[in-house]
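Working notes, structure below.
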Amino acid sequence: NPYVGLVSHLRASWLSGKTRPLEYRVAQLEALGRFLDDKKEEILEATELDMGKPSFEAFFSEILLCKNELNVTLNNLSNWMKDEHVDKNLVMQLDSVFIRKDPYGVVLIIAPWNYPIHLFLVPLIGAIAAGNCAIIKPSEISKNTERLVAETLSCYLDNDCFAVVTGGVPETTRLLENKFDYIFFTGTSPVGRIVMTAAAKHLTPVTLELGGKNPCYVSDTCNVTNVARRVAWGRFFNAGQTCIAPDYLLCTIEMQEKLMPALREAITEFFGHNPRESPDFGRIVSDKQFQRLRVLLGSGRVAIGGQTDEAERYIAPTVLADVLPSDPIMQEEVFGPILPIVVIANMEEAIDFINARPQPLAVYAFSCDSKIVNQVLERTSSGAFCGNDTLMHVTLTSLPFGGIGNSGLGKYHGKFTFDTFSHHRGCLHRNMGLETLNAPRYPPYTQQKLGLLTTTFEVKRRGTCTLL
């Protein structure tokens with residue numbers, strides 16, 4: 001296996017204890033900050049070449065949000081690393097009981113192509129903060145960004161502890177044959193199953209950040225203009241190539257008729273009368289993805305957009321009306337600038353529709369009535385929930401980001417990333433003396449000893465009272 005030597009080298013570095021001191025972790029994190037600052041223009045250029053990503057979107061998603069993660073981590077790392085002291089029973093009042101946050105060891109981070117800096121860097125921030133060594137595998141599909149990362153990241157990080165591996169499926173397959181102490185994968189559910197299968201051979205824990213069809217319910221009681229703008233922004237950001245984008249709308253036939261002119265107006269406001277000429281609208285990342293999306297345009301009725309240009313890999317911001325649950329676009333994650341609308345009779349039917357399908361990465365609900373938004377929240381299951389907006393929950397480092405069921409396993413962002421890459425080790429450090437306190441647990445057993453043991457170890461339920 002071509003990567004055995006690399007993994008062994010990183011493991012030796014980790015075993016040396018080099019990555020454990022706070023000062024080392026801080027120095028490596030600060031180096032990542034310099035990477036973002038120094039390579040800002042190159043990052044914007046690479047993402048523009050890979051998928052026509054507007055510089056505004058690239059700066060916001062690939063640089064600003066990463067800097068936020070970095071600064072939150074640097075601001076709090078010394079506190080996160082501290083032992084967490086926990087409750088004791090009567091016998092152990094004089095002992096030390098705590099949770100130690102240990103690094104796992106050598107971790108593997110496999111990133112996707114749609115946010116090619118953000119989705120390797122944010123996990124890497126947590127991996128470094130937790131004291132691990134790491135191998136980063138950027139996506140070969142966003143080839144310009146892959147080249148940038150491969151050629152420049154090693155100039156900033158300690159090469160004894162951090163490495164970048166490039167290549168496609170064959171290289172990733174061979175990489176996964178090695179034993180890692182943790183694997184963090186972002187991508188599709190089918191590939192997530194492959195990664196988890198490979199990890200299972202070594203009993204390696206995993207975080208799987210996958211995708212799915214994120215439903216967006218729009219009730220009859222809402223500000224239609226605001227809904228249209230927020231949904232259009234979330235659906236067409238990065239040309240729709242976002243795992244948490246609203247995948248389809250659920251609304252009544254009356255709301256569909258109201259939304260159409262509002263969506264058309266929002267799209268025109270954002271991208272002009274010809275979005276193809278807009279500097280603020282991206283392109284599809286590859287020919288394969290373009291061909292897949294063009295097939296999906298045959299679902300329902302094209303109400304807005306629908307224009308394509310194969311040479312540019314351009315697909316206009318598109319809204320499909322009267323889409324049936326059986327249509328091809330409802331059988332897979334869209335992951336492009338196409339928004340299908342499925343007509344339902346009421347909120348009850350919308351909730352049933354959502355619950356009949358695999359749990360998505362996000363559920364969205366729009367209504368001026370907070371009771372309706374809360375109903376959707378309480379009666380559905382998803383990785384995250386956002387009421388009366390789209391995407392914005394992901395900008396908060398205080399919220400965990402991750403899927404459930406088919407949309408993923410595990411969570412990260414902010415302290416959650418540090419915790420993901422840390423083994424929470426339960427520790428008890430007892431006093432060598434005071435042996436009399438231990439006598440009740442030793443044979444020969446008696447009822448008197450059992451009574452003493454029960455008194456000292458028993459956890460009782462707190463009393464409750466009823467106010468009359």
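The values are calculated or read from the model by the stated rules, or taken from the named source; none is laboratory data. In this text, all values refer to a predicted model and were calculated from it rather than measured experimentally. Please note: Cβ atoms are built from the backbone with ideal geometry, for glycine as well, and neighbour counts cover all protein chains shown. All accessible areas refer to the heavy atoms of the entire protein, side chains included, with ligands and DNA or RNA removed. Shrake-Rupley method; radii C 1.70, N 1.55, O 1.52, S 1.80 Å.
For the reader, a short list of remarks on this structure follows.
- Among 232-243, 255-266, the peptide with the highest mean count of other Cβ atoms within 10 Å heads the list, and the full ranking is 232-243, 255-266.
- Cβ charges +1 (Lys, Arg) and -1 (Asp, Glu), total dipole of the chain, debye: 1720 debye
- Helix-only [θ]222 nm of the chain, DSSP H runs n ≥ 4, -39500 (n - 2.57) each, per residue, nearest 500: -12000 deg cm²/dmol
- When the P(r) of the stretch 215-381 is calculated, the portion above 29 Å amounts to 14% of the C-alpha pairs.
- Sparse-neighbourhood loop sites, chymotrypsin sites (Phe, Trp or Tyr not before Pro) in the stretch 167-218 - DSSP loop, at most 16 other Cβ within 10 angstrom: none
- The GluC sites (Glu not before Pro) of the stretch 365-468 that meet both conditions, a loop assignment by DSSP and at most 16 other Cβ atoms within 10 Å of the site Cβ, are Glu458.
- Each principal axis of the Cα atoms in the stretch 113-248 has its own extent, and those three values, largest first, are 57, 34, 29 angstrom.
- What a 1.4 Å probe finds exposed on the stretch 381-437 is 60% carbon and sulfur by accessible area, rounded to a whole percent.
- Hz values of 3J(HN,Hα) by residue in the stretch 268-281 - Karplus curve (6.51, -1.76, 1.60), Gly and Pro given as x: 5, 4, 6, 10, x, 6, 10, x, 4, 8, 6, x, 9, 10
- Peptide packing for 49-55, 187-193, 105-111 was compared via the average number of neighbouring C-beta atoms within 10 Å per residue; ordered from the highest value, the list is 105-111, 49-55, 187-193.
- Each peptide among 80-89, 156-165, 136-145 gets the average number of other Cβ atoms lying within 10 Å of its residues, and from highest to lowest they stand as 136-145, 156-165, 80-89.
- Rounded tilt (10° steps) of 224-236 against the dominant C-alpha axis of the chain: 70 degrees
- Set Lys288/Lys415; Lys143/Lys213; Lys143/Lys201; Lys39/Lys213 screened for pairs whose C-alpha atoms are more than 32 Å apart: Lys288/Lys415; Lys39/Lys213
- Ordered from largest to smallest accessible area (heavy atoms of protein chains, 1.4 Å probe), the residues Phe60, Phe335 come out as Phe60, Phe335.
- Positive contributions from Lys and Arg (+1) and negative ones from Asp and Glu (-1), summed over other residues with Cβ under 14 Å from the Cβ of Leu396, come out at 0.
- Remark: the stretch 215-381 carries 41 Å² of accessible area per residue (probe radius 1.4 Å; ligands, DNA and RNA excluded).
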